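The next block holds one structure in the form of structure tokens; read it before the comments.
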Amino acid sequence: MEASGDQLLKESSSAQQPKFALPVDSEHKATEFRLFSVAKPHMSAFHLSWLSFFSCFVSTFAAPPLLPIIRDNLNLTTSDIGNAGVASVSGAVFARIAMGTACDLVGPRLACASLILLTAPAVFFTAVISSSTSFLLVRFFTGFSLCTFVSTQFWMSSMFSSSIVGSANGFAAGWGNLGGGATQLIMPLVFDVIRHIGSPEFTAWRIAFFIPALFQMFTAFLVLILGQDLPDGNYYGLKKSGEKAKDDFSRVLYHGIKNYRGWILGLTYGYCFGVELTVDNIIAQYFFDRFNLKLHTAGMVAASFGLANAFARPAGGFISDFMARRFGMRGRLWALWLCQTLGGIFCIILGLVGTLEASIVVMIIFSVFVQAAAGFTFGVVPFVSRRSLGVISGMTGGGGSMGAVLTQLIFFRGHFSTQRGITLMGVMIVLCTLPISLIHFPPWGGMLWGPSSSSSGNKIATEHDYYLSEWNSKEQQKGSHLATLNFADNSRSERGRRFMADHDPSANNKPSLQPIPTTNTIFNP
């Protein structure tokens, strides 16, 4: 009977394979990442996620490259500008946790599109502001759109297998973050075009904000019309048909918040992605004021920081996957610590150099490391919790926003010169990266310790031991945990080649419902 059941599962699994354009694992997550494909549902979700996140970055950071003009028009002080910069990222601190929970409950598609449409009016209203208070408010409400980062990472983790999830997360977030660099080029260009048409400069900057607002709304409708939550369908339809169990909100939130790994990753992410948000707010004005550059030239220099996301963050995710194949989760953690620490060192140097040429070179090197570290972080996040993935993603993303808020409040509100603030920010990066050494996964270990023993004490803890601990006996009797079994099977890749060579995995694993896929395909452009 058992053999017959296994055969039926294999036949059922193989019968469902042809409906996907990419090879998939037992959860129907893609095991290949074809960057320039738009195959549904996996690659179409990838392109929709990064494009929608890109539009939100463009909107949120549309003001900084035009600040010299806006500053004169609204009579803004240095304190006003600093407060608005803090406001632009502070709203997303706790909202990202809420966004993660929304993804867990209603799916990334509806969560993403709804937030984009809710925040678009704030971008439009930027065109009619008349005071420092209204400037702060529109930046605050526009900044909520950055919570789409959580839906982006959640969506990728739901669509791509564990062997390539770091690459998928890295490319989606990296290309989305490009909006922070692209807007440094786009907004001055749009401003110049409108001004040359005949509008006064104090009118031209206001009209320019219609471009990011319309673009943001356009991407929301694309997500609603073309997006799909999971490989097998949308949350609503799958829950209605009974194919996806309805989860308890309180249990999802509880298991996410109690997992200390999420808090540590939130702290460290605050000093890679949070630093990136901070630099997006200050860098154009820094080069404009310190080196007496023209507005457009300062924007081009500042854009080089954000545009490094085209390759830096994806490289972080890709290298994280590579390290996992060789050394398991311990390789991911070591690579994250090393990359982010180097980013902090180059940030310190950036604040110390005094020439334009040296500042540009060091800034680009710094940007590569700090953005790659963000990619490394979300190579780890998908494995922290299967049940509460959205909450963990939200906690980590919220930590990024909190880091940006604290960094700007401490270092860039007039207490220090901008150069001194940059150097001190680098010191904070190095110090706040150290807790990564405390992260430990029972089946795989951490930076300093290997895997743990199971509760019986006579064998190494398995992936099933770790992930099924989030489900109580009653929930397991109902079958609510079945998807977790498949995820646990597919997560065995985090043991690394060396561990797999020294230990027989079949001896320590409980039987699962579906066979483990033998496909070991990785990035395929």
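The values are calculated or read from the model by the stated rules, or taken from the named source; none is laboratory data. Since this is a predicted model, take the numbers as computed values, not measurements. Cβ coordinates were reconstructed from backbone atoms using ideal geometry, including for glycine residues, and neighbour counts include every protein chain displayed. Heavy atoms of the whole protein, side chains included, go into the accessibility calculation; ligands, DNA and RNA do not. Shrake-Rupley method; radii C 1.70, N 1.55, O 1.52, S 1.80 Å.
For K258 and L238, the difference between the fully extended length at 0.36 nm per residue and the C-alpha to C-alpha distance is 4.4 nm. Quick check: from the Cα gyration tensor, does the range 235-301 come out rounded (a/c under 1.5), prolate or oblate? Oblate shape, in that a/c is at least 1.5 and b/c is the bigger or equal ratio. When each of the peptides 72-83, 164-175 is scored by how many other beta carbons lie within 10 Å of its residues on average, the order from highest to lowest is 164-175, 72-83.
Out of these labelled values of mean projected area of the Cα convex hull in nm², (i) 23.8; (ii) 27.9; (iii) 53.7, which was calculated from the coordinates shown here? It is the value labelled (i).
Its Cα centre serving as origin, the chain has a Cβ charge dipole (Lys and Arg +1, Asp and Glu -1) of approximately 260 debye.
So what is the 222 nm mean residue ellipticity for the chain from helices alone, if each DSSP H run of at least 4 adds -39500 (n - 2.57) and you divide by all residues, rounding to the nearest 500 deg cm²/dmol? About -22500 deg cm²/dmol.
Strictly over 28 Å apart at the Cα level, which of K240/K478; K239/K474; K40/K474; K19/K474; K19/K240 would you flag in this model?
Details: K240/K478 17 Å; K239/K474 20 Å; K40/K474 36 Å; K19/K474 34 Å; K19/K240 21 Å.
Cα-Cα > 28 Å for K40/K474; K19/K474; rest within.
Dipole check for the range 213-270: with +1 at the C-beta of Lys and Arg, -1 at the C-beta of Asp and Glu, and the Cα centre as origin, the magnitude is about 200 Debye.
Counting only protein heavy atoms and a 1.4 Å probe, the range 18-161 has 29 square angstrom of accessible area per residue.
Sort 136-144, 105-113 by packing, meaning the average of other beta carbons within 10 Å per residue, with the highest value first.
Values: 136-144: 23.1, 105-113: 24.8.
In descending order of packing, they fall as 105-113, 136-144.
So, by mean Cβ neighbours within 10 angstrom, what's the order for 375-383, 223-231, 195-203, 402-410 with the highest one leading?
Working: 375-383: 28.4, 223-231: 20.0, 195-203: 12.3, 402-410: 22.3.
Highest mean packing first, the order is 375-383, 402-410, 223-231, 195-203.
Calculated accessible area for the range 189-317 comes out at 44 Å² per residue, all protein chains present (probe 1.4 Å; ligands, DNA, RNA ignored). Inter-part distance, the range 113-160 to the range 363-430, computed on C-alpha centroids, equals 19 Å. Checking understanding here: applying a Kyte-Doolittle mean of at least 1.0 and a length along the axis of at least 15 Å (C-alpha), which whole DSSP H helices in the chain pass? Span-like helices in the chain: 92-106, 108-125, 132-143, 210-226, 295-307, 329-352, 356-380, 389-411, 418-433. The label-point distance for T133 and R251, in a model that sets each label 7 Å from Cα toward Cβ, rounds to 4.8 nm. Within the chain, what whole-number % of the accessible surface is contributed by carbon and sulfur, with the 1.4 Å probe and all protein chains included in the calculation? On the chain, the fraction of accessible area on carbon and sulfur atoms equals 65 percent. Projecting the Cα atoms of L185, M156, L230 onto the charge dipole of the range 149-243 (Cβ charges, centred on the Cα centre) puts L185 farthest toward the positive pole. In the context of the full protein assembly, W334 retains an accessible surface of approximately 110 Å², using a probe radius of 1.4 Å and ignoring ligands and nucleic acids.
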